[in-house]
Amino acid sequence: MKLRIDIVTLFPEAIRPYLATSILGKAQERGLVFIKVHNLRSFSRDRYRTVDDYPFGGGPGMVLKPEPLVRAVRFISEYTQSQPLVVVTSPQGELFTQSIARELATKNHLLILCGRYQGIDERVIEITGAREISIGDYVLSGGELPALVIVEAVVRLIPGVLGDEESLRYDSFSEWVFGPPQYTRPRVFCGLAVPEVLLSGNHARIEKWRKEKALEKARRVRPDLFQHPALHPPCERERGVV
């Protein structure tokens, strides 16, 4: 069964164009994934299509009401006759990683609720069993961009989506924590030459060089990653680097 992704948002017009382009657009055209965007206001039943209200206890901003969100989840679940994994985009969620992307790519149905304002009513998470996911330790105005980040990271892992499946091996956070440095023509640019090893034709040497450079950059740029053994290549763990 191909992956289905439903996205519930206050601003469908902000994300539909991106979903129709590049890899995501081609994946849908080829029937490898089905993505549908829903306007949250469609699930509000008052004449003003209200979806937010003031927070109990006081404080600034507005909070997304529980009724439209829960109604959206239930409607989509009944319509599709499935039990989707509900995801809420939130800066308070678990940090999105490549391993989570791989996990989500194994699901049949994802339902993403885009947060807004000061967040959503906590009861939505309790009722739907939603998984809160954050794309980083910073705050955006809404969950539309995080939703797109999650969707693209997941969809590109579906077999057949990328023209060259081998390219997944060289992704950052796949086998070597970071991807290796990449070069293309011309061989010399602004006085800088492509490393000779990449021109040697010796695949074993090239593979070794790529691993070393990838790990070297990871240590320099993201030393925090080396606190997590699961992110290290097996050879690193065996040598006791972590």
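Considering only residues in the stretch 28-54 that are open to solvent by less than 60 Å² (accessible area, probe 1.4 Å) and hydrophobic (A, V, I, L, M, F, W, C), the one that is nearest to Ile15 (Cα to Cα) turns out to be Val37.
Of all the residues in the stretch 1-27, those that are of a type in the set (D, E, K, R), open to solvent by 20 Å² or more (accessible area, probe 1.4 Å) and touching a Lys or Arg at 6+ places or on another chain (Cβ under 9 Å) number 1. Among the residues of the stretch 55-96, count how many are surrounded by fewer than 17 Cβ atoms within 10 Å (Cβ to Cβ), part of a loop (DSSP other than H, G, I, E, B) and touching a helix residue (DSSP H, G or I) at 6+ places or on another chain (Cβ under 9 Å). Qualifying residue count, the stretch 55-96: 2. For the stretch 5-54, enumerate the residues that are part of a strand (DSSP E or B), over 18 Å from Leu111 (Cα atoms) and free of Cβ contacts under 8 Å to residues at least 60 places away in the same chain. The one that is part of a strand (DSSP E or B), over 18 Å from Leu111 (Cα atoms) and free of Cβ contacts under 8 Å to residues at least 60 places away in the same chain: Asp53.
Sub-9 Å Cβ pairs linking a first residue in the stretch 210-239 that is assigned to a helix (DSSP H, G or I) and among the small types (Gly, Ala, Ser) to a second residue that is at pLDDT 90 or above and open to solvent by 60 Å² or more (accessible area, probe 1.4 Å), at least 6 apart or interchain, are Ala230/Ser99, ordered by first then second residue. Regarding Ile127, is this residue open to solvent by 80 Å² or more (accessible area, probe 1.4 Å), touching a residue at least 24 places away in the same chain (Cβ under 8 Å) and assigned to a helix (DSSP H, G or I)? When the stated conditions are applied, Ile127 passes them. It is to be established whether one or more residues within the stretch 62-80 are at pLDDT 95 or above, of a type outside the set (S, T, N, Q) and in contact with a Gly (Cβ under 9 Å, 6 or more places away or on another chain). The answer is yes; a qualifying residue exists.
Taking the stretch 30-46 as the range and being under 21 Å from Asp121 (Cβ atoms) and out of contact with any Asp or Glu (no Cβ under 7 Å at 6 or more places or on another chain) as the test, the residues that pass are Asn39, Leu40, Arg41, Ser42, Phe43, Ser44, Arg45, Asp46.
The values are calculated or read from the model by the stated rules, or taken from the named source; none is laboratory data. Predicted model only: the values in this text are computed from it and were never measured. Cβ atoms come from the backbone with ideal geometry, glycine included; neighbour counts cover every protein chain shown. Surface accessibility is based on the protein's heavy atoms, side chains included, excluding ligands, DNA and RNA. Shrake-Rupley method; radii C 1.70, N 1.55, O 1.52, S 1.80 Å.
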